[in-house]
Amino acid sequence: MAEKRGSSITKIAFLCLFITTTMMFVLSSRGRPGLFDHKTMPAEKLLTVFNNGDSQTSNQSNAESSNGSNRAILANSEQQRVEVGGFQVTCNGNLKEPLKIFLYDLDPEFHFGLLDWKPQGNSVWPDIRTKIPSYPGGLNSQHSIEYWLTLDLLASEFSENPSSREAIRVKNSSEADLIFVPFFSSLSYNRYSKLSPHQKKSKNWELQEKLVKFVMGQKEWKISGGRNHVVLAHHPNSMLNARMQLWPAIFILSDFGRYPINVANLDKDVIAPYKHVIKSYVNDSSDFDSRKTLLYFQGAIYRKNGGFARQELYYLLKDEKDVHFSFGSVQRNGIRQASQGMHSSKFCLNIAGDTPSSNRLFDAIASHCVPVIISDEIELPYEDILDYTEFCIFIRTSDAVKKGFLINRIRSITKDKWTQMWEKLKQVEPLFEFQYPSKEGDAVQMIWQSLSHKVSSVKMKINKSKRYSRFVPRKRRGLRTRTK
């Protein structure tokens, strides 16, 4: 009986493999070759396909073009049910299914209330069809991903074609792939981390305590142990208290610089891009010769921790005639000056500071200025599908601080090689753009894709944790003595 059952399962596996292989062959034969990105649960799902900044669809009625640079393959077919060896097998032809997200209805004090929005009626959410609360600009905006993701989830309820989205909100948590915790933690840190007179705890600290109590008290957390929860802590100093208690959740971070490896790591968490602060280079008609500055850096030079390299490089490069290396900030038109400087430079330095990452990398991408990354511990968004070496230069810190090494390496890059990287920057730029409404292939949708890659592992961990949970023995009562 066991052999017969095993034989049936083998037949099922071969049948599904044959159907999947055939579908992939048909799709690939109808268009240019591209990169297949599969969602993990439960059938194969074909996601965004990038091919030199363009792609095509196998079903035009189900595809929506965004800005021409990124499009998605959405191929749908009827489910096929096949009986093999007594087993009913469903082969789902729907190759793109949105990620299902359950959104906690937290009090507005955790999200839009931090933007001074006041609820009207019983809803804890703004009616985004009439007015959208604005997010503060400047450096505040660089960690604003919590805002854009929450807006996108709310907007999914009004979408005319939900199946074309990367993620949709569901009202029943039992139907969800992931549970979203909408705390604007970076904004809370930026605005309310300082103590006011007569305060023992900052408002930011109090909000974290209330958040932990709420989340860990929910049945969704208790069932999963928090593994399927998504917590946003993009600012390196956000969630300093709560992170040590909510660590089983999936964190969305800018880097791991201030986290113990058992609290945050690539196995369970997602690295998301900063929102660039400088102005995008629209209609970039520049070229190698028109960008007169070879190498550009403007920012804080003296940093603690891993940022010692900035000071070393300043002394090595300050006298190079075609290098701009100076102190700068957002004050006194600093953002406008940085935009002009990056737009007119061939290469832009991204050097580790207090943490491995900074928004300077994403400013460079928006400027089409080839990034030179000197940060040994940096983690990069979407690196499972993006080869950053196609548009970035990586140099170890130990090599960069050697006299003459960095400048000679940059000068050795030919005009043709730079032009290739510049063209690639223009192709990948949309992947790092935050906007509302979100568009296919932008930063919001790419973060949802990154989260979708975690679902299979999360479900496996949850299922394994249930193995013995139903058979918890009663507390033993001890021996009773008989009385006469």
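The values are calculated or read from the model by the stated rules, or taken from the named source; none is laboratory data. Just so it is clear, the structure is predicted and the values come from calculations on it, not from any experiment. Cβ coordinates were reconstructed from backbone atoms using ideal geometry, including for glycine residues, and neighbour counts include every protein chain displayed. Each accessible area value is taken on the protein alone, full model and side chains, heavy atoms only, with ligands, DNA and RNA left out. Shrake-Rupley method; radii C 1.70, N 1.55, O 1.52, S 1.80 Å.
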Relative to the compact-globule estimate 2.2 N^0.38 Å (N residues), the Cα gyration radius of the range 242-291 stands at a ratio of 1.84
Kirkwood-type radius of the range 271-374, with distances r between different C-alpha atoms, in Å: 13.8
Using a 1.4 Å probe, how large is the accessible area of I395, given in Å² and rounded to the nearest 10? 10
I need the per residue convex hull volume for the range 291-430, using only the alpha carbons, in cubic angstrom as a whole number. 107
What nm distance separates the two modelled labels at E109 and A300, each placed 7 Å from Cα along Cα→Cβ? 3.1
For the range 407-420, take each phi angle, set θ = phi - 60°, evaluate the Karplus expression 6.51 cos²θ - 1.76 cosθ + 1.60, and give the result in whole Hz per residue in order, putting x for glycine and proline. 5, 5, 5, 5, 5, 7, 7, 6, 4, 5, 5, 4, 4, 4
Across bins of 10 angstrom width beginning at 0, how are the C-alpha pair distances of the range 185-319 distributed, in whole percent? 10, 27, 28, 20, 11, 4, 0
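Please say if the range 367-465 is rounded, prolate or oblate, where rounded means a/c under 1.5 for a ≥ b ≥ c the square roots of the C-alpha gyration tensor eigenvalues, and otherwise the choice is prolate for a/b larger than b/c and oblate otherwise? Present the calculation step by step, with values, prior to reporting the outcome.
Working: a/c = 3.31, a/b = 1.65, b/c = 2.01.
The shape class here is oblate.
Just flag the trypsin sites (Lys or Arg not before Pro) in the range 381-458 sitting in loop per DSSP whose Cβ has no more than 13 other Cβ atoms within 10 Å.
Numbers: sites: R396, K402, K403, R409, R411, K415, K417, K424, K426, K439, K454; in loops: R396, K402, K403, K439, K454.
In loop regions of the range 381-458 (DSSP not H, G, I, E or B), the sparsely surrounded trypsin sites (Lys or Arg not before Pro) are R396, K402, K403.
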What's the whole-number percent of alpha carbon pairs in the range 118-277 lying beyond 27 angstrom? 27
Residue by residue through the range 442-459, the couplings from Karplus 6.51 cos²θ - 1.76 cosθ + 1.60 with θ = phi - 60°, in Hz, x for Gly and Pro, are 8, 4, 4, 5, 5, 5, 4, 4, 4, 5, 4, 5, 8, 4, 4, 5, 4, 5
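Take every Cα pair under 8 Å in the range 291-430 that's 6+ residues apart, average their separations, divide by the length, and report that relative contact order as a whole percent. Walk me through the numbers before you get to the answer.
Details: 209 pairs, mean separation 33.3, N = 140.
Reported relative contact order: 24 percent.
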Can you pull out the trypsin sites (Lys or Arg not before Pro) in the range 140-221 that DSSP calls coil and that have at most 14 other Cβ atoms within 10 Å? K171, K194, K200, K201
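How about the range 263-293: which trypsin sites (Lys or Arg not before Pro) there are in a DSSP loop, with at most 16 other Cβ atoms within 10 Å of their Cβ?
Values: sites: K268, K275, K279, R291, K292; in loops: K268, K275, K279, R291, K292.
Loop-located and lightly packed - K279, K292.
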Exposure rank, largest accessible area first [S238, S344; 1.4 Å]: S344, S238
